Amino acid sequence: MFVRKADFKPFDKKVWLATPTMHGEELKYITEAYETNWMSTVGENINEVERIAAQKAGVKYAVALAACTPGLHLCVKLAGEKLYGKPAISHGALEGKRVFCSDMTFDATLNPVVYEGGIPVFIDTERKSWNMDPVALEKAFEMYPEVKLVISAELYGFSGDIKRIKEICEAHGALLIEDAAEAMGATWDGQPCGSFGDYSAISYNGNKIITGSAGGCLLTNSLEDANKARKWSTQSRENAPWYQHEEVGYNYRMSNVIAGVVRGQYPHLEEHIAQKKAVYERYKEGLKGLPVEMNPFDAERCEPNYWLSALIIKPEAMCKQVRGEQDVCYVAEHGKSCPTEILEAIAGINAEGRPIWKPMHMQPMYRMHEFVTVDGSGRCRTNAYIAGGVEDVGADIFQRGLCLPSDNKMTAEEQDKIIEFIKACFE
């Protein structure tokens with residue numbers, strides 16, 4: 001990277017990828033929990049979070065949980081028992097069953113499949129949205145018509161055609177779990193993300209669009225399923241004077257203190273989205289003329305929440321970059337760059353970015369699982385598609401893409417400096 005030494009002055013205060021933005025109302029509800037002594041997993045804050053979460057997502061019921069991952073786990077357990085019946089205690093609800101899963105996502109999306117004994121089958125990524133490819137999903141159902149469960153994640157707050165994914169599932173008699181952890185407040189065709197799945201989950205993790213420092217919600221339109229999830233999340237205790245248990249349970253319920261933070265955050269959801277959108281638009285305008293593209297989305301149908309702004313470098317502008325399992329190297333080249341060089345450049349001025357999610361079929365623990373793409377035969381393992389030259393959209397986006405500092409408290413001046421350092425990487 002060619003940057004004049006005089007230009008190299010790091011930010012005094014780190015510019016983060018995404019951090020919590022607090023407003024003050026959170027303290028009010030935390031204090032109420034403290035003063036009323038409702039510090040455990042029951043209380044008014046939890047009740048209100050469930051009411052607001054369901055209302056915002058356009059569903060009937062929400063179940064407040066300790067994190068989004070427990071929400072996804074209980075979604076999988078509910079779906080598995082609905083599809084295949086209640087398993088024996090020693091088995092999971094999906095024992096030996098294939099499940100179609102998003103490939104380019106965080107592993108929390110699909111680890112619950114493994115918790116319940118299922119076998120993830122990874123569906124390739126759609127280039128125009130960076131989300132599950134509906135065409136590849138159709139191909140997967142042609143190959144495995146017996147599959148009855150799909151888990152689709154919405155990446156970085158930008159939805160793909162989740163409505164089409166739902167229609168494909170319905171046509172094949174399959175249930176859909178929508179991982180809307182990153183997409184709270186986003187919509188597709190005017191319908192909130194989190195409302196398309198038979199079961200869905202959202203996140204209040206510390207870096208999400210609103211936060212509780214932790215926490216999440218399971219979303220459903222079934223009161224029976226909501227009540228079942230609440231019971232499971234409190235160790236499946238039966239309604240008896242003593243601790244009576246007839247099935248396996250979990251310690252998954254949200255604390256009333258965490259719920260107080262979330263409750264205080266919810267009034268600011270739309271404000272945070274507007275701020276994130278401004279960050280995205282500044283990047284898009286500032287990076288014009290460079291051989292890069294921002295997160296793609298269908299502007300007529302998708303209204304993102306813009307949680308993380310990301311870019312992808314055009315193939316002809318990539319310098320040589322090689323990634324191992326835990327390390328990476330690249331060769332700087334005039335007029336070209338790569339994600340590693342850009343991430344190093346912005347880290348050098350005390351700003352945080354990160355690589356795009358590494359696709360699940362490339363992860364050591366899952367690389368021998370089946371991977372369905374739209375090219376060739378449509379089914380191949382990692383070594384097969386490399387040898388056969390089959391297109392792998394997710395791997396290509398991972399190789400050429402990166403997430404930019406997207407904190408909604410970043411100033412325009414800070415963002416302008418980041419943009420200038422990205423430009424310098426291509427000089």
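Scanning the stretch 211-237 for residues that are surrounded by 24 or more Cβ atoms within 10 Å (Cβ to Cβ) and of a type in the set (A, V, I, L, M) yields LEU218, LEU219, ALA229. Selection of first residues in the stretch 274-299 that are free of Cβ contacts under 8 Å to residues at least 24 places away in the same chain and of second residues that are surrounded by 17 or more Cβ atoms within 10 Å (Cβ to Cβ) and assigned to a helix (DSSP H, G or I), restricted to Cβ pairs under 7 Å at least 6 apart or on distinct chains, gives the following pairs, ordered by first then second residue: MET294/TYR280; MET294/TYR283.
Do we have any residue at all in the stretch 279-297 that's within 22 Å of the chain's Cα centre (by Cα), at pLDDT 95 or above, among the polar types (S, T, N, Q) and within 24 Å of LYS409 (Cβ to Cβ)? The answer is yes, given that some residue of the stretch 279-297 is within 22 Å of the chain's Cα centre (by Cα), at pLDDT 95 or above, among the polar types (S, T, N, Q) and within 24 Å of LYS409 (Cβ to Cβ). Looking at GLU352, GLU270, GLU333, just one residue is surrounded by fewer than 17 Cβ atoms within 10 Å (Cβ to Cβ) and under 23 Å from ALA18 (Cβ atoms), and that residue is GLU270. Give GLY401, GLY389 a once-over and let me know the one that is of a type outside the set (D, E, K, R), at pLDDT 95 or above, more than 17 Å from ASP107 (Cβ to Cβ) and outside the structural domain of ASN111 (by TED's automatic domain parsing). The conditions single out GLY401. Considering the stretch 371-385, the residues that are in a loop (DSSP other than H, G, I, E, B) and surrounded by 18 or more Cβ atoms within 10 Å (Cβ to Cβ) include one that is modelled with the lowest pLDDT, namely GLY378.
From the list ALA88, ALA140, exactly one residue is free of Cβ contacts under 8 Å to residues at least 24 places away in the same chain and over 20 Å from the mean Cα position of the chain (by Cα). Which is it?
Selected residue: ALA88, the only one of ALA88, ALA140 that is free of Cβ contacts under 8 Å to residues at least 24 places away in the same chain and over 20 Å from the mean Cα position of the chain (by Cα).
Within the stretch 35-57, the residues that satisfy the criterion of being under 22 Å from the mean Cα position of the chain (by Cα) and either modelled with pLDDT under 95 or crowded, with 16+ Cβ neighbours inside 10 Å (or both) are VAL49, GLU50, ILE52, ALA53, ALA54, LYS56, ALA57. If I ask for residues that are buried (at least 24 other Cβ atoms within 10 Å of the Cβ), more than 10 Å from the chain's Cα centre (by Cα) and part of a strand (DSSP E or B), which ones from the stretch 151-177 would you list? Matches in the stretch 151-177: ILE151, ILE177. Considering only residues that are out of contact with any Phe, Trp or Tyr (no Cβ under 8 Å at 6 or more places or on another chain), surrounded by fewer than 24 Cβ atoms within 10 Å (Cβ to Cβ) and aliphatic (A, V, I, L, M), which ones fall in the stretch 100-150? Matches in the stretch 100-150: ALA108, VAL114, ILE119, VAL135, ALA136, MET143.
In the stretch 224-238, the residues that are in the same structural domain as GLU50 (by TED's automatic domain parsing) and within 14 Å of LEU72 (Cβ to Cβ) reach residues that are modelled with pLDDT under 95 and among the charged types (D, E, K, R) with C-beta atoms within less than 8 angstrom, at least six apart or across chains, in these pairs: TRP232/GLU247.
Under 19 Å from TYR199 (Cα atoms), of a type outside the set (A, V, I, L, M) and in contact with a Ser or Thr (Cβ under 7 Å, 6 or more places away or on another chain), is that true of THR105? It is false that THR105 is under 19 Å from TYR199 (Cα atoms), of a type outside the set (A, V, I, L, M) and in contact with a Ser or Thr (Cβ under 7 Å, 6 or more places away or on another chain).
Which pairs have Cβ atoms under 9 Å, sit 6 or more apart or on different chains, and link a residue in the stretch 56-85 that is small (Gly, Ala, Ser) to one that is modelled with pLDDT under 95? From the stretch 56-85, the pairs are GLY80/PRO87.
The values are calculated or read from the model by the stated rules, or taken from the named source; none is laboratory data. Just so we're clear, the structure is a prediction, and the values are computed from it rather than from any experiment. All Cβ positions, even for glycine, are placed from backbone atoms using ideal geometry, and neighbour counts span all protein chains on display.
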